[in-house]
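First up is the structure itself, then whatever we jot down about it.
The values are calculated or read from the model by the stated rules, or taken from the named source; none is laboratory data. Small disclaimer: the values here were computed from a predicted structure and weren't measured. Cβ atoms come from the backbone with ideal geometry, glycine included; neighbour counts cover every protein chain shown.
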């Protein structure tokens, strides 16, 4: 970036052309004329954590995953959204970044459901390569509004199995209400059944 900052607009345009030179000159100076739309719908919600010291222990990684799933699903519910896809990202100590995703037959929003899927994905990533982890992340995508019903199939005899129950959704709403009333640390999960 410093290499570009030392050159004027005319020099950059001469080197790479009008459009690219102007774009580059503006970006390195923090100029962006694109508008910001605060009402734009989120395409995904993610939470990740970079560790001060690399983690190798599966139990420690699962504890971190639980906290990330809890925070991401709370953000999801706060936005009145449901997610169909859960993704787990793992960055190893050597900076190799890997991820695994699963798209569910029905959208979910509870931390229990998100964690259950994320835990399976983490196990899959760890089985493929056992290395100390530098970063762990959970992303929720293929978002839909919570008040929008799904399209029912005329040919399917029954709804596909989903990792989320009505009890999960009710419990998640109660936890959200307690946190809103008493603060974000008012209720914490010790461990979710897997």
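Annotation note: of 5, 76, the sole residue that is at negative phi and either touching a helix residue (DSSP H, G or I) at 6+ places or on another chain (Cβ under 6 Å) or surrounded by 18 or more Cβ atoms within 10 Å (Cβ to Cβ) (or both) is 76. Residues in segment 103-122 that are farther than 19 Å from residue 75 by Cβ and in a strand (DSSP E or B): 3 in all.
In this structure, is residue 22 surrounded by 15 or more Cβ atoms within 10 Å (Cβ to Cβ), over 30 Å from residue 106 (Cβ atoms) and at pLDDT below 95? Step through it out loud before you land on a result.
Values: surrounded by 15 or more Cβ atoms within 10 Å (Cβ to Cβ): yes; over 30 Å from residue 106 (Cβ atoms): yes; at pLDDT below 95: yes.
Judged against the criteria, residue 22 is a match.
Scanning segment 110-126 for residues that are closer than 21 Å to residue 168 by Cα and in contact (Cβ under 8 Å) with a residue 24 or more places away in the chain yields 110, 111, 112, 113, 114, 115, 116, 117, 118, 119, 121. Can you say whether residue 29 is surrounded by fewer than 15 Cβ atoms within 10 Å (Cβ to Cβ), in contact (Cβ under 8 Å) with a residue 24 or more places away in the chain and more than 30 Å from residue 186 (Cα to Cα), as far as the supplied structure shows? Taking the combined requirement at face value, the residue satisfies it. The set of residues from segment 82-109 being in contact (Cβ under 8 Å) with a residue 40 or more places away in the chain and more than 14 Å from the chain's Cα centre (by Cα) comprises 91, 92, 93, 104, 105, 106, 107.
I'd like to check something: does segment 48-71 contain any residue that is assigned to a helix (DSSP H, G or I), farther than 30 Å from residue 145 by Cα and in contact with a strand residue (DSSP E or B) (Cβ under 6 Å, 6 or more places away or on another chain)? Can you show your working first?
Of all residues in segment 48-71, those assigned to a helix (DSSP H, G or I) come to 58-71.
Right, trim to farther than 30 Å from residue 145 by Cα and you get 58-61.
Checking the rest, the ones that are also in contact with a strand residue (DSSP E or B) (Cβ under 6 Å, 6 or more places away or on another chain) come to 61.
Checked against the condition, which is being assigned to a helix (DSSP H, G or I), farther than 30 Å from residue 145 by Cα and in contact with a strand residue (DSSP E or B) (Cβ under 6 Å, 6 or more places away or on another chain), segment 48-71 yields at least one hit.
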